[in-house]
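Asks: The structure follows.
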Amino acid sequence: MEKFNINSLPLIKLLIFIIPSLIIGIQLPSSFTLLFVLFFSILGIVLLIFKKHNFFYVLLSITIGLILSLNFRQAKTLKSTNHYKTIYSSIFGKVTDFALFDTNKVILRVSGYIQDENLGKYSTSVQLTIYDTTPAVRMIEVGDYILCKSWIRLPRKSKLPTDPPEVHIALINDVEFFGTVYSNGVVKIWKERTSVQKFLKNLNVFVSDKLSRAFEPPSQPYFFALLLGNRKYLSIEQKEKFAITGMSHILALSGFHFGILATILFYLFSFLKNKWLKFVLISIALIAYLIAVSLPPSGIRATIMILAFLFALTLERDVQFLNILGLILIVVLIFFPTTIFTIGFQLSFVAVLGIGLFYKKFYQFFINLLSIKNKLILYIISVLCLTLSAQVFTTPLVAYYFGYYTFISFFSNLILLPLFTLSIIFGFVTILISFISSQLGKPFATTADFILSLANGINDWIASKFETFVVTENGVTILSIIVSIAVVWILMERQPKRILVKFLFAVCLVCLLVYNIKESYSESTIEIYPRLKYVAVVLKSRDKNYCLLLDRKPHQFPSNDKPMVDYLARLPGNLLLGVSGNAGIAVSDNLKARRKVTLVEVPSEVQRKISYAIFGDLSLFKRWNGF
């Protein structure tokens with residue numbers, strides 16, 4: 001086993017001092033930070049003159065961290081709320097992405113500013129939902145500018161398990177606010193572009209057109225997502241199936257996709273003997289692809305990371321993996337400081353870290369255990385090890401942000417990741433060859449279509465049969481950490497007998513933990529869910545459930561609450577539903593179409609008694625009003 005030597009990792013040593021000083025610098029007043037920067041800079045110069053290189057190195061790291069902390073003061077941290085309050089504001093900005101695109105509703109990301117009496121002119125990013133879309137709105141594209149009057153709000157914290165995870169959506173899409181507007185609130189849409197913007201748009205349209213012509217209509221939405229990162233043509237149901245099987249990562253452009261393209265290009269240019277010419281051509285092709293997919297932040301990070309590795313490979317030096325990763329982190333801290341707060345960067349970074357730390361060790365484990373030389377099986381093992389090493393760190397992060405853990409992700413990735421990888425490879429080859437001749441690309445497109453349909457069929461079957469293997473209760477983060485530790489603990493072992501013992505112990509431990517989570521969740525409990533127009537009081541037990549929907553005000557306009565309907569429809573056993581007004585009646589009407597419900601009306605006097613029984617006063621209606 002190789003000995004770990006920190007002296008061979010100068011950039012990691014640099015980060016060890018940068019990060020603590022950055023955190024301290026954020027807490028200090030700006031004037032103090034500048035004073036410390038000046039003091040340490042002078043002291044560092046003195047130490048360098050007297051050739052005290054080690055002390056100079058430490059002071060240089062601390063000074064860099066303090067300087068970076070000044071940038072982080074300007075970084076916006078995501079805020080969330082339990083309230084339903086909204087403000088009416090003007091939004092102006094550039095359309096940078098689409099989350100949903102259909103005939104009645106468009107959800108898009110707008111990067112620009114909002115203007116309000118209280119906020120003033122505030123630079124931000126908004127996830128904007130436009131209802132009752134007009135032809136002009138349906139023609140909106142990435143790169144257009146939009147001005148509208150919209151109701152905006154902070155992302156709400158999820159109360160029900162079925163509530164949209166708005167905080168997580170905001171983290172994924174890098175937005176601060178959610179906005180809602182009807183088409184008549186859209187003031188103007190601009191399509192004027194600079195020559196550079198026109199070139200980028202034309203390149204994107206050209207590649208999209210090549211993709212549309214190459215593949216059959218049923219598979220086009222998937223290839224738009226797999227090859228171009230454009231998920232707007234995928235339905236919500238299709239996305240949910242990928243989430244259940246733990247394959248959502250395949251639909252978002254990341255280092256995985258850019259790495260596949262880089263590998264194809266590396267072999268494509270393998271006939272070139274000049275290594276620097278090969279590096280330049282691969283770099284140009286990767287940057288062209290990055291431009292064609294509209295320069296997504298994840299793509300920029302992946303391109304920087306891949307080019308750094310290719311540069312090290314071209315130098316033919318023994319460059320440490322952690323040094324390159326440290327260099328990338330330092331570059332991000334300097335030029336894109338807020339990026340480290342985004343879940344996309346965190347997932348890509350820890351996935352690459354896991355691959356760098358564990359891939360070779362996991363691969364060696366299976367080679368020693370199975371003693372296989374068949375190339376196809378070795379390829380499958382390498383894909384499995386790649387997946388396992390990446391998921392060691394990513395699954396706890398996903399469990400923390402999204403609140404779920406799927407046991408089938410390891411196994412589904414083992415089956416599906418090789419298939420989706422092959423379909424992506426043939427898809428990229430199809431696009432590359434289609435630049436020369438569409439007919440030459442047809443055999444590759446047919447192969448990609450076949451593999452994709454096979455992978456989708458298996459993915460749909462797994463999603464329908466193993467949905468219960470997804471754990472969503474409290475404790476999933478701890479569960480995912482324990483599973484990841486168990487995977488590393490088992491796959492680092494080299495003695496066959498110990499492997500079996502460790503595996504059995506880990507399985508028993510995880511089963512016990514899941515049982516405890518499920519049992520604690522199934523105990524009789526009273527839950528209170530404040531909603532916009534009513535308060536829901538739910539008493540859950542194994543055989544019978546009671547739910548009271550208590551309107552905040554009399555004579556409210558009835559409106560459906562789909563997350564509440566979904567939540568009550570999933571409760572096992574019988575359900576007794578009490579309502580006190582129009583808002584509760586609207587929920588009960590939609591619920592009766594999905595399950596059997598015993599409905600009773602709750603008089604106002606009984607409502608007051610319930611509040612006094614729980615809180616000793618009328619706080620049930622006041623404390624949870626959400627305003």
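The values are calculated or read from the model by the stated rules, or taken from the named source; none is laboratory data. Not measured: the values here are computed from a predicted model. Quick reminder, even Gly has a Cβ in these numbers, built from the backbone with ideal geometry, and neighbours come from all protein chains shown. Just the protein is used for accessible areas: all its heavy atoms, side chains included, with ligands, DNA and RNA removed. Shrake-Rupley method; radii C 1.70, N 1.55, O 1.52, S 1.80 Å.
Asks: For Ile87, indicate whether it is more than 18 Å from Lys191 (Cβ to Cβ) and out of contact with any Cys (no Cβ under 8 Å at 6 or more places or on another chain).
Replies: So Ile87 fits the description; yes.
Asks: Only one of Phe627, Phe557 is in a loop (DSSP other than H, G, I, E, B), open to solvent by 20 Å² or more (accessible area, probe 1.4 Å), modelled with pLDDT of 80 or more and not basic (Lys, Arg). Can you tell me which?
Replies: Among Phe627, Phe557, only Phe557 is in a loop (DSSP other than H, G, I, E, B), open to solvent by 20 Å² or more (accessible area, probe 1.4 Å), modelled with pLDDT of 80 or more and not basic (Lys, Arg).
Asks: Next question, about the same structure. Kindly indicate which of Val106, Val126 is without any contact (Cβ under 8 Å) to a residue 40 or more places away in the chain, surrounded by 14 or more Cβ atoms within 10 Å (Cβ to Cβ), touching a strand residue (DSSP E or B) at 6+ places or on another chain (Cβ under 6 Å) and not charged (D, E, K, R).
Replies: Of the residues listed, the single one that is without any contact (Cβ under 8 Å) to a residue 40 or more places away in the chain, surrounded by 14 or more Cβ atoms within 10 Å (Cβ to Cβ), touching a strand residue (DSSP E or B) at 6+ places or on another chain (Cβ under 6 Å) and not charged (D, E, K, R) is Val106.
Asks: Shifting gears a bit: Name the one entry in Leu329, Leu333, Leu313, Leu307 that is in a helix (DSSP H, G or I) and modelled with pLDDT under 75.
Replies: The match here is Leu333.
Asks: Among the residues of region 288-300, is any of a type in the set (Gly, Ala, Ser) and open to solvent by 40 Å² or more (accessible area, probe 1.4 Å)?
Replies: Yes: region 288-300 contains one or more residues that are of a type in the set (Gly, Ala, Ser) and open to solvent by 40 Å² or more (accessible area, probe 1.4 Å).
Asks: When you look at Lys241, is it open to solvent by less than 40 Å² (accessible area, probe 1.4 Å), among the charged types (D, E, K, R) and touching a residue at least 60 places away in the same chain (Cβ under 8 Å), yes or no?
Replies: No, not satisfied.
Asks: Only one of these is modelled with pLDDT of 85 or more, hydroxyl-bearing (Ser, Thr, Tyr) and under 18 Å from Tyr88 (Cβ atoms): Tyr222, Tyr145, Tyr113. Name it.
Replies: Checking each option against the conditions leaves just Tyr113.
Asks: Pairs needed: first member in region 524-551, closer than 19 Å to Val600 by Cα and among the β-branched types (Val, Ile, Thr); second member anywhere, open to solvent by 10 Å² or more (accessible area, probe 1.4 Å) and in a loop (DSSP other than H, G, I, E, B); C-beta distance under 6 Å; at least 6 residues apart or different chains.
Replies: Val535/Trp624
Asks: Can you tell me which residue in region 375-387 is farthest from Gly246 (Cα to Cα), limited to those that are among the aliphatic types (A, V, I, L, M) and open to solvent by less than 20 Å² (accessible area, probe 1.4 Å)?
Replies: Step by step, filter region 375-387, then rank; the result is Ile381.
Asks: Name the residues in region 130-150 that are surrounded by fewer than 13 Cβ atoms within 10 Å (Cβ to Cβ) and closer than 18 Å to Asn202 by Cβ, would you?
Replies: If the condition is that a residue be surrounded by fewer than 13 Cβ atoms within 10 Å (Cβ to Cβ) and closer than 18 Å to Asn202 by Cβ, then Met139 is the only one that fits.
Asks: Let me ask something additional. Just one of Leu68, Leu78, Leu59 is under 26 Å from Pro296 (Cα atoms) and either at pLDDT 85 or above or touching a Gly at 6+ places or on another chain (Cβ under 9 Å) (or both); which is it?
Replies: Only one candidate qualifies: Leu68.
Asks: Quick check, is Ile478 at pLDDT 75 or above and open to solvent by 80 Å² or more (accessible area, probe 1.4 Å)?
Replies: In short, yes.
Asks: Could you please find all residues in region 551-592 being touching a Lys or Arg at 6+ places or on another chain (Cβ under 9 Å) and of a type in the set (S, T, N, Q)?
Replies: If the condition is that a residue be touching a Lys or Arg at 6+ places or on another chain (Cβ under 9 Å) and of a type in the set (S, T, N, Q), then Gln556, Ser559, Asn574, Asn582, Asn590 are the ones that fit.
Asks: So which of Leu227, Leu333 is of a type outside the set (Gly, Ala, Ser) and within 23 Å of Leu353 (Cα to Cα)?
Replies: Leu333
Asks: Continuing with this model, one more query. Quick test for you: out of Ser195, Ser283, Ser254, Ser270, pick the one residue that is closer than 25 Å to Arg109 by Cβ and either among the acidic types (Asp, Glu) or surrounded by fewer than 19 Cβ atoms within 10 Å (Cβ to Cβ) (or both).
Replies: Of the residues listed, the single one that is closer than 25 Å to Arg109 by Cβ and either among the acidic types (Asp, Glu) or surrounded by fewer than 19 Cβ atoms within 10 Å (Cβ to Cβ) (or both) is Ser195.
Asks: Further question on the same structure: If a residue must be open to solvent by less than 50 Å² (accessible area, probe 1.4 Å), within 21 Å of Ile334 (Cα to Cα) and either touching a Lys or Arg at 6+ places or on another chain (Cβ under 7 Å) or assigned to a helix (DSSP H, G or I) (or both), how many such residues does region 25-63 contain?
Replies: 11
Asks: Follow-up question, since we're still on this one. Which of the residues belonging to region 235-275 are part of a loop (DSSP other than H, G, I, E, B) and small (Gly, Ala, Ser)?
Replies: Correct list: Ser235, Gly246, Ala252, Ser254, Ser270.
Asks: Sticking with this one: Out of all the residues in region 202-216, which are open to solvent by 60 Å² or more (accessible area, probe 1.4 Å) and either within 16 Å of Ser423 (Cβ to Cβ) or not in a helix (DSSP H, G or I) (or both)?
Replies: Of everything in region 202-216, just one residue is open to solvent by 60 Å² or more (accessible area, probe 1.4 Å) and either within 16 Å of Ser423 (Cβ to Cβ) or not in a helix (DSSP H, G or I) (or both), namely Glu216.
Asks: Answer yes if at least one residue in region 220-233 is open to solvent by 70 Å² or more (accessible area, probe 1.4 Å), touching a residue at least 40 places away in the same chain (Cβ under 8 Å), closer than 15 Å to Asp460 by Cα and of a type outside the set (Gly, Ala, Ser), and no otherwise.
Replies: No, there is no match, as no residue in region 220-233 is open to solvent by 70 Å² or more (accessible area, probe 1.4 Å), touching a residue at least 40 places away in the same chain (Cβ under 8 Å), closer than 15 Å to Asp460 by Cα and of a type outside the set (Gly, Ala, Ser).
Asks: Right, another one. Can you name every residue in region 274-299 that is more than 22 Å from Thr430 (Cβ to Cβ) and modelled with pLDDT under 85?
Replies: Within region 274-299, Leu295, Pro297, Ser298 qualify.
Asks: If I ask for residues that are within 27 Å of the chain's Cα centre (by Cα) and in contact (Cβ under 8 Å) with a residue 12 or more places away in the chain, which ones from region 204-219 would you list?
Replies: Asn204, Val207, Ser208, Leu211, Pro218, Ser219 - these are the residues of region 204-219 that are within 27 Å of the chain's Cα centre (by Cα) and in contact (Cβ under 8 Å) with a residue 12 or more places away in the chain.
Asks: So, one more: Farther than 30 Å from Ala243 by Cβ, open to solvent by less than 50 Å² (accessible area, probe 1.4 Å) and in contact (Cβ under 8 Å) with a residue 40 or more places away in the chain, is that true of Ser183?
Replies: Yes: the conditions hold for Ser183.
Asks: State whether one or more residues within region 439-460 are among the charged types (D, E, K, R), at pLDDT below 80, in a helix (DSSP H, G or I) and open to solvent by 30 Å² or more (accessible area, probe 1.4 Å).
Replies: No; the residues of region 439-460 include none that is among the charged types (D, E, K, R), at pLDDT below 80, in a helix (DSSP H, G or I) and open to solvent by 30 Å² or more (accessible area, probe 1.4 Å).
Asks: Quick test for you: out of Phe450, Phe435, Phe411, Phe420, pick the one residue that is free of Cβ contacts under 8 Å to residues at least 12 places away in the same chain, over 13 Å from Phe215 (Cα atoms) and not basic (Lys, Arg).
Replies: That would be Phe411, the only listed residue that is free of Cβ contacts under 8 Å to residues at least 12 places away in the same chain, over 13 Å from Phe215 (Cα atoms) and not basic (Lys, Arg).
Asks: How many of the residues in region 495-506 are surrounded by 11 or more Cβ atoms within 10 Å (Cβ to Cβ) and more than 19 Å from Phe410 (Cα to Cα)?
Replies: Number satisfying all stated conditions: 2.
Asks: Considering (1) open to solvent by less than 20 Å² (accessible area, probe 1.4 Å); (2) more than 22 Å from Thr421 (Cβ to Cβ); (3) of a type outside the set (D, E, K, R), say which one Thr303 fails and leave the rest.
Replies: Tallying (1) open to solvent by less than 20 Å² (accessible area, probe 1.4 Å); (2) more than 22 Å from Thr421 (Cβ to Cβ); (3) of a type outside the set (D, E, K, R), Thr303 fails exactly one: (2).
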